[in-house]
Amino acid sequence: MLNVDPEQTDVYYRYKMPPLACKVEGRGNGIKTVILNIKEVADSLQRPAEILIKSMGTDLGVAMKLENDRWSLTGDHVKADPLKLQNRLYDFIRRGVLCRYKGCRNPETTYLIEKNKLLMRCKACSAKTEATVNDKVYASIYRLENEALQAEIAANKDRRSKDERQEEKWAESTRMSSSYAQQDLEEPEESAVRRESPVSILRSVVESGVAETVIVDKVFDLKQEFGMQEKDMTKLVFRTYFMAESAPNACMLIRSCAPVLRRFTNRNQMSILMEEAEHYAHSNQAIMFSKYPIFLFELMERGVVNENAVLTWHESVRHRGLQKELCVELRGICEPFMSLIRRFC
Ligand SMILES: [Zn+2]
């Protein structure tokens, strides 16, 4: 193996590469030098093989060709001087691989293009220095970097539309379900192994009796893990605390979970919480309808939602996935409470 840096004579130098293995093929005008191990050499330098070939070929002023996965240069570049190509490669390494900041010479550098200049960013000293490769090599690097960038943008776009699909499924799960208890926030991606839902994960955390800060941290972890948005966190927290079996104690329950609910219900999410609460009430109609005014009062009293959010909810009969008659009935039950709010708040 050779040292990547030609000026480096230390045998223990850690950056090594195999010497170029060349083979001359053909005859007459068709004579060419095939570089058999360009891929291995390129990998040791962490550069695309195409760039190395471009650099050697343009320096020598000969044509380059890629055939059946083999790179070759026109002409015999071995006979007259067996080290000719190797020395061309070292030229490229000096100009386009080794960090050029003072005496650094670290070969672990990556390209970036700024103001039409090709720069190398050093992983060791983090300096940005200019690579002095020729125009054709620059053009190739520019194209390859651009392609990599485009691929990255496309991948991000993919991820974004996946987020949107997930969001739709969230919305769907709120609309479609008739039984609130079964309306777990499930991992919407189809997968062979079904992951535990965020609600059941968070519920076991809550049930273990940990401090509120631990619960809050866990919600943020789940947001990350399941790719949730802000409003999903509001739903998640509400659903974690309010299950079918909690209905008899729903008003009391608000007192204990209000700090966490408040943390994930800012002004923009209050309408989301009101919608969640209504779904919960419909699913536990027998218990919840008659005491819904008290439930709303507790939510306001504990600062989870404000009067505006409650009044707005009462004025708009939205019944996504809910029975319209029940929506009207619930608002009727709450009417006396609403007029109190209008009078005193
Ligand atoms: Zn450096």
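What to note about this one:
- Backbone phi angles across region 17-30, fed through the Karplus curve with coefficients 6.51, -1.76 and 1.60 (θ = phi - 60°), yield HN-Hα couplings of 8, x, x, 4, 9, 10, 9, 8, 10, x, 8, x, 5, x Hz in residue order; Gly and Pro are listed as x.
- Normalised per residue, the accessible area of the chain is 55 Å², obtained with a 1.4 Å probe and no contribution from ligands, DNA or RNA.
- The stretch between R267 and A148 holds 38.7 nm of extra length on full extension. This uses 0.36 nm per residue minus the Cα-Cα distance.
- In the chain, the longest principal axis of the Cα atoms and the axis of helix 230-241 are about 50 degrees apart.
- Long-range amide H partners of W71 with built H, under 5 Å: I35
- For the chain, the longest principal axis of the Cα atoms and the long axis of helix 285-301 meet at an angle of about 70 degrees.
- Cα-centred dipole magnitude for region 1-126, charges only on beta-carbon of K, R (+1) and D, E (-1), debye, nearest 20: 320
- Amide H contacts of A127: C122, each under 5 Å away and 5 or more positions distant or on a separate chain (H built 1.01 Å from N in the peptide plane; Pro and chain starts excluded).
- Selection from V41, N68, G26 lying farthest towards where the dipole of region 1-97 points positive, charges on Cβ: G26
- Residues R14, R47, ordered by accessible area of protein heavy atoms at a 1.4 angstrom probe radius and largest first, appear as R14, R47.
- Candidate cross-link partners of K79 among the lysines, defined by an alpha-carbon separation under 17 Å and a same-chain spacing of 8 or more, comprise K23, K32.
- Rounded to the nearest whole Hz, the Karplus-based 3J(HN,Hα) values (6.51 cos²θ - 1.76 cosθ + 1.60, θ = phi - 60°) of region 89-100 follow the sequence 5, 4, 4, 4, 4, 4, 8, x, 10, 6, 4, 9, with x at glycine and proline.
- Globularity index of the chain, i.e. its alpha-carbon radius of gyration over 2.2 N^0.38 Å: 1.65
- Taking 24 Å as the limit for the C-alpha separation, the pairs K16/K117; K235/K324; K223/K291; K54/K84; K39/K128 exceed it in the case of K16/K117; K223/K291; K39/K128.
- Compared with the alpha-carbon gap, the fully stretched path from L112 to A124 is longer by 2.7 nm at 0.36 nm per residue.
- Inter-centroid distance (Cα atoms) of region 266-281 relative to region 1-56, Å: 65
- Candidates V137, V11, V199, ranked by Gaussian network fluctuation over the chain, Cα under 10 Å, top entry: V11
- The mean sequence separation of alpha-carbon pairs under 8 Å and at least six residues apart, normalised by the residue count of region 1-97, gives a relative contact order of 26 percent.
- The chain, accessible surface, carbon-and-sulfur percent (1.4 angstrom probe): 50
- Computed 3J(HN,Hα) for region 275-282, one whole-Hz value per residue from the Karplus formula 6.51 cos²θ - 1.76 cosθ + 1.60 where θ = phi - 60°, is 5, 4, 4, 5, 4, 4, 5, 4, glycine and proline marked x.
The values are calculated or read from the model by the stated rules, or taken from the named source; none is laboratory data. These figures come from a predicted structure and were not determined experimentally. Every residue, glycine among them, receives a Cβ derived from its backbone with ideal geometry; neighbour counts consider all protein chains shown. Calculation scope for accessible area: heavy atoms of the full protein, side chains included, ligands and nucleic acids excluded. Shrake-Rupley method; radii C 1.70, N 1.55, O 1.52, S 1.80 Å.
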